[in-house]
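Quick note: the coordinates plus some simple rules give every number you see, no bench work behind them. Note that this is a predicted model, so its numbers are computed, not measured. Using ideal geometry, Cβ is built from the backbone for each residue, glycine included, and neighbour counts are taken over all protein chains shown.
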Amino acid sequence: MGIASDRFKSYFHYPANDFDQMDRILEAKPGAKVLLLGNEAIARAALEAGVTVATTYPGTPASEIGDALARVAKDAGIYFEYSTNEMVATEIAIGAAASGVRAFVSMKHVGVNVAADALMTFAYTGTRGGFVLVTADDPSCHSSQNEQDNRYYALLGGIPMFEPSSPQECYDMTKEAFEISEKLELPVIVRTTTRVSHVRAPVGVGTIVPGPKTKEFLKDPKRFVTVPAVARSRHIVLLERLKVAEDLAGKSSFNKIVRIKGGGRTGIIASSAGFNYAADAANSLGLSADILKLGFSYPVPRATIIAFLRNHDRVVVVEELEPILETAVRAIAQHESLPTKVLGKEDQLFPRYYEFDQAIVEAGLERTLGLKTNPSLEGLVDLQGVPKRPPVLCAGCPHSATYYAVNKATNKKAIFASDIGCYTLGVSPPYSAADLLVCMGSSVGTAGGLAKVNTLPVIAFIGDSTFFHAGIPGLINAVHNGHKFLLMILDNRTTAMTGHQPHPGSEKGPSCCDITAVSIEEIVKACGVKWLKVVDPYDLKTTTDAVKEAIAQPTVSVIIARRECALIAKKNEEGAILKKHFIDQEVCKKCRTCVDRFQCPAISSIDKVQTIDDALCAGCGVCSQICPYKAIKEAK
Amino acid sequence: MSDIYLVGVGGQGIITASRVIGDAAILANKNVLLSETHGMAQRGGSVVCTARIGDVQSPLIPDGQADLIISFELLETLRAMCKANKDTVVVSSTEKIVPLSVSTQKLRYPTLGEVGAQVRKAAGKFVPIEARTLAEDSGVPMSSNIVMIGALAGTGATGLERGHFESAIEMNIPRMIPENLAAFAKGFEAMDKQLH
């Protein structure tokens, strides 16, 4: 069927009608060009590089790397795990790589903060097998609490770094990163951004070469046990290796000059997504310029930069977020007493925040070079009054029910410490159930501080995956130091926000491995918590009563609000027993309680009439418990 | 060079639709770049995907430079107009997913006529498609995203052939291939009828 079925077959081993059996990441044949997400290209490269152990903790925009490896781990014969958090994920990979196999770990940018303690010292011991850490940064905070520039981690730790600009480079550089890591015996960072990780494009792939299953650790405590005497000597080793790394960067084919319209005396230095915008902007402006594209960007190849500066009258540095390359280029120019004008963020050409686009780079180049760009377009459609559509908790989301119950129990007279996950969306009205949020696990710790100085009750919300990730030390601290607040563990049995990955409480894990579910209740009890209740948030009365009782306790109290994520429940039998609901318009008094005090995408109020969209209704029945007139009924 | 801007609401299958475009472009031996929305915005928020077929580096479409705007939801069509110019063809599903803000802030969801009038001010052409009805007619109510891909193919403005899209649909939606191809055909014909 279709003109291209034959070509299609050449991509994969499976015939087209067996397609649901197939996974592109594993099945793409050597030499084929396949449409891959940047993240999937990284996963494929890790398989081709022969990783033995791969780990992650999910987080946008990195999640699809781990998800791809989780799906194919069994067939590819690698070990893959969703680790409890990024630090553990990194440590697992360190243990494997120190033994001599190749190991791979991926995470979002803020995950590296969690992993940093391990990573900074691992640069001292160095590695035996190739060790690659992917950090996926998120300029513009599309799905993050900050937009920190993780290239600083390369500088901070002395860790060589690659910055791909495209899915093909994601693939090429990840493979190369393993080679460089083994050559230098150092960990290597591959740093992407949202617009690299989440771009899909044709990627030419090679052959998957399985790595060894086992390798015996060769004892060498003078290298691997970082007592002060060892650490001191290893720091010197690290600095010497960075010199070698700089030579390798100087010779790397990933650091290259791209000529636009034959090149010229104007130079641009760019990396990552910044390169894409710079190239498109230079072409669109009809500029004759050379772009020095840095793919192996740390250590900065000094000799390459010096030569480029010598050959150009002015050099514009195009990089998103922090002026890291720019500062390095300026320092080199100053040190070498070069007259070349270096331009960038210091000259207010480009912002130090948010992701770039072609227009931003065009405007910056125009200002520097005195060019004339197209006048900016006036918005022809006035968006004022066009209803906004921010992300919301789904129809049937158990968090909605929990927040409704908490508001009812406290009459909103409480302070809410929130955490990272779907439930952060409870910040919006009508729940307004988030007052303070900084990072994974912070709800528990900040609740202790809030409770010390506030007279209102303090309630912390944390998801199940986030509780395992970073909530447990905070809870132990609360018991030990006598903090008084209510911790609500919103247990929807999955890591929902990032794509429903398993966590330590799950029963089913990645394809390769059997896992053991760890009980949240047992952990809470073992932390020393004296008051614990488990409720079903769909049962509003019980949940509301539990909250009232919990906030009256003299010590830290814990409620586990347990109900499977509605998006998963929809797909299994538990979802099927729930009943769709409708609003009986003859009984409805148009009081708007169901839209003003509850938030469900299936319930709308148009022209003063409230209705439930049958297609969207998840059948949780929570709204029927809320309606003061019992107008919301089960559909027959 | 063809710049296609796809908009809609999280959960409407826009990423799948953009993958179909991507695979169709590879089958046609063309370079293609797609960008996708993942993460928090997928929870019922506005989502954007881009597909650029041709020789470019950056996946984002500059303002005013989309050749085609494919909107999977009527209201979202308005939000996409920043990418339109007087030659842009805007294909919009008539499907309405009422955002919570309409209910909670007592705002009004615009009519098809109002959206059409706004779009015609900013773009070259406005083509409404009854995607949900056509999807139901083809036997898979979930396939309105494929109806919209059919409508996109029906514009004839992508430089890709109908067969490329059909093969790409088989590659990306392994279940219920005949029904999805029927949904594609319905979208294709609906567009053909409106344009010619």
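Sorting B:Val56, B:Val47, A:Val453 by the number of Cβ atoms found within 10 Å of their own Cβ, with the fewest placed first, yields A:Val453, B:Val56, B:Val47. Model label points for A:Thr207 and A:Lys541, set 7 angstrom from Cα along the Cα-to-Cβ axis, are 6.9 nm apart. Relative to the longest principal axis of the Cα atoms of chain A, the long axis of helix A:398-410 makes an angle of roughly 60 degrees. Annotation for the stretch B:112-196: trypsin sites (Lys or Arg not before Pro) lying in DSSP loop with at most 11 further Cβ atoms inside 10 Å of their Cβ are B:Arg175.
Using a Förster radius of 22 Å, what is the FRET efficiency between A:Lys571 and A:Glu521 based on their Cβ-Cβ separation? Nearest 0.05, please. The calculated FRET efficiency here is 0.25.
Segment A:Lys33..A:Ser288, full-extension length gain: 88.6 nm, with 0.36 nm per residue of separation and the alpha-carbon distance subtracted.
Here the extension length gained between A:Val587 and A:Arg367 equals 72.7 nm, from 0.36 nm per residue of separation less the Cα-Cα distance.
Charge tally for B:Val47 (other residues, Cβ to Cβ under 12 Å; Lys, Arg +1; Asp, Glu -1): 0. Using only the alpha-carbon atoms, how far is helix A:167-184 inclined from the longest principal axis of chain A? Give it as 0 to 90 degrees, nearest 10. Around 70 degrees separate the two axes. Just so you know, the averaged projected area of the alpha carbon convex hull for chain A sits at 33.9 nm².
Please state the shape class of the stretch A:206-326: rounded when a/c is under 1.5, otherwise prolate if a/b exceeds b/c and oblate if not, all from the C-alpha gyration tensor. It comes out prolate by the Cα gyration axes.
Note on A:Asn477 and A:Val427: the model spin-label points, each 7 Å out from Cα along the C-beta direction, lie 2.1 nm apart. In the stretch A:366-477, Cα pairs under 8 Å separated by at least six residues give a relative contact order of 23 percent. At full extension, A:Met120 and A:Asp607 could sit 169.4 nm farther apart than now, given 0.36 nm per residue minus the alpha carbon distance. Between helix A:358-369 and chain A, what is the angle of the helix's C-alpha long axis to the longest principal axis, kept within 0 to 90° and rounded to the nearest 10? Orientation of helix A:358-369: about 40 degrees from the principal axis.
When the square roots of the Cα gyration tensor eigenvalues are ordered a ≥ b ≥ c, the ratio a/c for the stretch B:85-153 is 1.5 or more and a/b does not exceed b/c, which makes its shape oblate.
From the square roots a ≥ b ≥ c of the eigenvalues of the alpha-carbon gyration tensor of the stretch A:121-238, which class results: rounded (a/c under 1.5), prolate (a/b over b/c), or oblate? Judged from the Cα gyration tensor, the stretch A:121-238 comes out oblate (a/c at least 1.5, b/c at or above a/b). This model, with +1 at the C-beta of Lys and Arg and -1 at the C-beta of Asp and Glu, gives the protein assembly as shown a dipole about its Cα centre of some 1220 debye. For B:Lys83, the lysines whose Cα comes closer than 22 Å to its Cα, not counting residues fewer than 8 places off in the same chain, are A:Lys372, A:Lys388, B:Lys96, B:Lys121, B:Lys125.
From its DSSP helices (H runs of at least four residues, each -39,500 (n - 2.57)), the protein assembly as shown gives a residue-normalised ellipticity at 222 nm of -11500 deg cm²/dmol. Taking every DSSP beta bridge that has both ends in the protein assembly as shown, the antiparallel portion is near 35%. Which listed residue (A:Val258, A:Ile269, A:His235) has the Cα farthest towards the positive end of the charge dipole for the stretch A:229-276, taking +1 on Lys and Arg C-beta and -1 on Asp and Glu C-beta about the Cα centre? Value: A:Val258. Considering only A:Asn85, A:Thr135, A:Gly204, the residue lying farthest towards the positive end of the dipole of the stretch A:83-204 is A:Gly204, judged by Cα position with unit charges set on Cβ. Starting from the Cα of B:Asp192, step 7 Å toward the Cβ, then list every residue of the stretch B:1-17 with an amide N under 15 Å from that point. None, by backbone N distance to the label point.
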